[in-house]
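Student: What follows is a single structure, and I will ask about it in a moment.
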Amino acid sequence: MSKTSIYGLTFEQLSAWLLERGHKKGRASQVWEWLYRKRVTTFTDMVDVNLDCLKVLSENFTIQTLTEHTKQESADGTIKFLFALADGDLIETVLMRHKYGLSVCVTTQVGCNIGCSFCASGLLKKDRDLSSGEIVEQIMNVQLHLDEVGKGERVSHIVVMGIGEPFDNFENMVDFLEIVKDQKGLEIGPRHITVSTSGLAQKIYEFADLKLQVNLAISLHAPNNELRTRIMKINRAIPLEKLMPAIDYYIEKSNRRITLEYILLKDVNDQKEHAEELAELIGDRRAYVNLIPYNPVDEHSQYQRSEEKTVLAFYDTLKKNGITCGIRIEHGTDIDAACGQLRSKQMK
Ligand code: SF4
């Protein structure tokens with residue numbers, strides 16, 4: 001039987017697992033402390049944990065299943081990691097530096113089936129879902145890298161926006177959130193975590209009911225169905241009539257504003273009339289529009305980057321219409337900047 005990553009267990013799951021095997025209640029706290037606070041990478045390093053307990057853990061779990069394949073570092077401090085999974089598949093994880101802290105963008109699936117027409121990640125179809133352990137390990141590997149550099153830096157924010165549709169791997173993604181939020185472990189505040197979805201409405205309702213208090217971002221990218229279906233084929237199955245009520249439900253349940261992601265594609269969705277239509281669609285919802293200048297991808301040559309003046313004009317039109325918005329600061333422009341680009345290059 002192949003072993004799974006111990007990072008995939010929530011604290012409650014680990015406690016129950018150990019209790020079932022006759023180990024005292026406090027054992028899980030000890031192991032958790034070694035994993036997330038002292039950050040050891042072998043069971044034998046957990047020197048004060050009972051030997052029988054270590055034996056049963058090491059017979060059933062591994063600590064490290066990911067290995068670093070490639071690392072690209074940008075002049076602005078962004079680092080793109082390409083990790084190899086135990087079965088050889090490659091995934092991408094990105095560390096970004098902001099004024100407010102260090103944020104990591106994690107991948108949730110090997111490839112993606114949503115097939116957004118502008119996306120480098122979706123060029124490679126979904127091979128499989130990542131386990132919760134494989135998602136947590138991305139954070140741990142980046143944190144171990146920071147530990148090694150030795151400046152005492154800590155991952156403080158997480159964005160679930162890498163390769164894959166997080167809501168298409170719902171349970172593992174939710175376990176991942178429970179693990180990284182846990183105050184006994186990495187203790188990353190829910191308000192410092194953002195999950196991004198292409199708009200799987202049914203899952204948005206389920207996610208809202210969990211009341212995890214994390215931020216939700218919706219990849220909107222168009223102000224009407226016709227254009228959105230052209231850019232994102234998921235809109236055919238889940239049009240705005242289904243998506244917008246789900247968004248309203250999340251806002252109401254979480255009592256938080258929602259982020260609407262909008263990639264600006266030259267002459268496709270970046271004109272004044274699009275901004276006006278977007279403002280009308282949003283109305284008085286508690287929403288923040290994140291305008292994202294497009295990073296061109298060779299395979300999607302039909303899309304170009306909007307000119308800077310067009311981006312600013314779009315922003316101004318939204319503002320004038322009372323919409324809270326901003327333009328995303330770009331990271332890692334001197335390395336393979338588009339999400340999934342590093343991985344798709346390596347896979348060719
Ligand atoms: S943008 Fe996200 S959901 Fe769409 S294809 Fe790319 S990875 Fe999948």
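Student: Among (1) within 28 Å of Glu187 (Cβ to Cβ); (2) more than 16 Å from the ligand (Cβ to nearest atom), which single condition is Gln72 missing?
Tutor: Unmet for Gln72, out of (1) within 28 Å of Glu187 (Cβ to Cβ); (2) more than 16 Å from the ligand (Cβ to nearest atom): (1).
Student: Filter the stretch 83-119 for residues that are within 16 Å of the ligand (Cβ to nearest atom), more than 20 Å from Met173 (Cβ to Cβ) and among the hydrophobic types (A, V, I, L, M, F, W, C) and give the result.
Tutor: So the first thing to find is which residues in the stretch 83-119 are within 16 Å of the ligand (Cβ to nearest atom), and the list is 89-94, 105-119.
Going one step further and asking which of them are more than 20 Å from Met173 (Cβ to Cβ), we end up with 117-118.
Scanning the stretch 83-119 gives a single hit, Phe118.
Student: Could you tell me whether Lys125 is over 17 Å from the mean Cα position of the chain (by Cα), closer than 27 Å to Val297 by Cβ, free of Cβ contacts under 8 Å to residues at least 60 places away in the same chain and not in a helix (DSSP H, G or I)? Give the steps one after another, and end with the answer.
Tutor: On the way: over 17 Å from the mean Cα position of the chain (by Cα): yes; closer than 27 Å to Val297 by Cβ: yes; free of Cβ contacts under 8 Å to residues at least 60 places away in the same chain: yes; not in a helix (DSSP H, G or I): yes.
Yes, satisfied.
Student: Only one of (1) modelled with pLDDT of 95 or more; (2) away from the ligand (no atom under 16 Å from the Cβ) is not met by Ile238, so which one is it?
Tutor: (2)
Student: Here is a further query. Contact list please: Cβ distance under 8 Å, first residue in the stretch 224-250 and in contact (Cβ under 8 Å) with a residue 24 or more places away in the chain and basic (Lys, Arg), second residue in a helix (DSSP H, G or I) and surrounded by 15 or more Cβ atoms within 10 Å (Cβ to Cβ), pairs at least six apart or on different chains.
Tutor: Close Cβ pairs (under 8 Å, with a partner that is in a helix (DSSP H, G or I) and surrounded by 15 or more Cβ atoms within 10 Å (Cβ to Cβ)) amount to Lys242/Ala201.
Student: Tell me, please, whether a residue that is among the hydrophobic types (A, V, I, L, M, F, W, C), touching a residue at least 60 places away in the same chain (Cβ under 8 Å) and within 16 Å of the ligand (Cβ to nearest atom) can be found in the stretch 179-202. It would help to see each step written out before you state the result.
Tutor: Of all residues in the stretch 179-202, those among the hydrophobic types (A, V, I, L, M, F, W, C) come to 179-180, 186, 188, 193, 195, 200-201.
Those left that are additionally touching a residue at least 60 places away in the same chain (Cβ under 8 Å): 179, 186.
Going one step further and asking which of them are within 16 Å of the ligand (Cβ to nearest atom), we end up with none.
No, the stretch 179-202 contains no residue that is among the hydrophobic types (A, V, I, L, M, F, W, C), touching a residue at least 60 places away in the same chain (Cβ under 8 Å) and within 16 Å of the ligand (Cβ to nearest atom).
Student: So Cys53 clears everything in (1) part of a strand (DSSP E or B); (2) surrounded by 17 or more Cβ atoms within 10 Å (Cβ to Cβ) except one condition, right? Which one?
Tutor: Of everything listed in (1) part of a strand (DSSP E or B); (2) surrounded by 17 or more Cβ atoms within 10 Å (Cβ to Cβ), Cys53 misses just condition (1).
Student: If you don't mind, there's one more thing I want to ask. Which of the residues belonging to the stretch 285-307 are in contact (Cβ under 8 Å) with a residue 12 or more places away in the chain, in a helix (DSSP H, G or I) and surrounded by fewer than 17 Cβ atoms within 10 Å (Cβ to Cβ)?
Tutor: Glu299 - this is the single residue of the stretch 285-307 that is in contact (Cβ under 8 Å) with a residue 12 or more places away in the chain, in a helix (DSSP H, G or I) and surrounded by fewer than 17 Cβ atoms within 10 Å (Cβ to Cβ).
Student: Let me ask something additional. For the stretch 135-150, which positions are out of contact with any Phe, Trp or Tyr (no Cβ under 7 Å at 6 or more places or on another chain), free of Cβ contacts under 8 Å to residues at least 60 places away in the same chain and either buried (at least 16 other Cβ atoms within 10 Å of the Cβ) or among the aliphatic types (A, V, I, L, M) (or both)?
Tutor: Listed by number, the residues that qualify are Ile139, Leu146, Val149.
Student: Out of (1) part of a loop (DSSP other than H, G, I, E, B); (2) over 15 Å from the mean Cα position of the chain (by Cα), what's the single condition that is false for Asp147?
Tutor: (1)
Student: Restricting to the stretch 195-213, count the residues that are surrounded by 19 or more Cβ atoms within 10 Å (Cβ to Cβ) and either modelled with pLDDT under 95 or not hydrophobic (A, V, I, L, M, F, W, C) (or both).
Tutor: Result for the stretch 195-213: 4.
Student: Any residue at all in the stretch 151-161 that is surrounded by fewer than 19 Cβ atoms within 10 Å (Cβ to Cβ) and within 13 Å of the ligand (Cβ to nearest atom)?
Tutor: yes
The values are calculated or read from the model by the stated rules, or taken from the named source; none is laboratory data. If you're wondering where the values come from, they're calculated on a predicted model, not measured in any experiment. Note that each Cβ is placed from the backbone with ideal geometry, even for glycine, and that neighbours are counted across all protein chains shown.
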